[in-house]
Amino acid sequence: MSESDGAATGGGGREGVSDVVTKLGSRSVAETASLFTQLLIGKGLKIFTVIDQSAEARLVGKQLRETILIVFGNPAGGTPVMDAAPLSALDLPLKVLVWSDEGQTKVSYVSPDALASRYHLGAELVANLRGIDALTDALVAG
């Protein structure tokens with residue numbers, strides 16, 4: 001199941017393009033993040049970093065809902081995007097946020113269509129980013 005997270009879209013006023021896609025998960029945040037990293041490894045994708053943002057908050061005496069950011073990609077696919085649109089490096093590598101919202105695990109990411117619109121990417125280049133949809137579908141299925 002997928003939903004557009006209106007509160008997290010960051011505005012922009014573009015009709016028909018939601019910046020953020022949010023899918024509902026059935027596992028805990030930690031399990032979902034772990035499963036996603038396993039999925040990425042299995043697909044041969046590069047994991048650049050995993051940031052447990054709630055753990056980092058605890059280190060400075062703050063509380064934050066369970067929040068894990070996974071930064072990943074495929075340099076063979078992302079490099080042509082960044083070459084054509086250098087500012088796309090602000091959004092690449094791709095990122096998936098696994099987080100808890102009142103006990104419900106959610107998986108969120110910036111949609112490939114939003115990135116295409118933001119950086120004026122043609123169909124061939126945005127195709128390099130579309131794998132995130134299938135990966136997150138596989139993650140939340142079951």
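The values are calculated or read from the model by the stated rules, or taken from the named source; none is laboratory data. These numbers were taken from a predicted model, which means no experiment stands behind them. Quick reminder, even Gly has a Cβ in these numbers, built from the backbone with ideal geometry, and neighbours come from all protein chains shown.
Filtering the stretch 3-55 down to residues that are among the polar types (S, T, N, Q) and modelled with pLDDT under 95, which residue is nearest to LEU69 (Cα to Cα)? Please lay out each step first, then the result.
Of the stretch 3-55, the ones among the polar types (S, T, N, Q) are 4, 9, 18, 22, 26, 28, 32, 34, 37-38, 49, 53-54.
Retained after the next criterion (residues that are modelled with pLDDT under 95): 4, 9, 18.
Details: SER4: 19, THR9: 17, SER18: 20 Å.
Residue satisfying both the conditions and the ranking: THR9.
Can you name the condition, by its number, that SER100 falls short on among (1) touching an Asp or Glu at 6+ places or on another chain (Cβ under 8 Å); (2) not in a strand (DSSP E or B)?
All conditions are met except number (2).
For the stretch 81-99, what are the residues that are surrounded by fewer than 19 Cβ atoms within 10 Å (Cβ to Cβ) and within 17 Å of VAL140 (Cβ to Cβ)?
LYS95
How many of the residues making up the stretch 117-142 are part of a loop (DSSP other than H, G, I, E, B) and buried (at least 18 other Cβ atoms within 10 Å of the Cβ)?
3
Taking LEU64, is it in contact with a helix residue (DSSP H, G or I) (Cβ under 6 Å, 6 or more places away or on another chain), without any contact (Cβ under 8 Å) to a residue 60 or more places away in the chain and hydrophobic (A, V, I, L, M, F, W, C)?
On the way: in contact with a helix residue (DSSP H, G or I) (Cβ under 6 Å, 6 or more places away or on another chain): yes; without any contact (Cβ under 8 Å) to a residue 60 or more places away in the chain: yes; hydrophobic (A, V, I, L, M, F, W, C): yes.
Taking the combined requirement at face value, the residue satisfies it.
Restricting the search to the stretch 57-80, which residues are in contact with a Lys or Arg (Cβ under 9 Å, 6 or more places away or on another chain) and either in a strand (DSSP E or B) or surrounded by fewer than 15 Cβ atoms within 10 Å (Cβ to Cβ) (or both)? Steps first, answer last, please.
Of the stretch 57-80, the ones in contact with a Lys or Arg (Cβ under 9 Å, 6 or more places away or on another chain) are 64, 69-75.
Those that are in contact with a Lys or Arg (Cβ under 9 Å, 6 or more places away or on another chain) and either in a strand (DSSP E or B) or surrounded by fewer than 15 Cβ atoms within 10 Å (Cβ to Cβ) (or both): LEU64, LEU69, ILE70, VAL71, PHE72, GLY73, PRO75.
From the set of residues in the stretch 23-56 that are crowded, with 17+ Cβ neighbours inside 10 Å, part of a helix (DSSP H, G or I) and of a type in the set (Gly, Ala, Ser), which is farthest from the chain's Cα centre (by Cα)?
SER54
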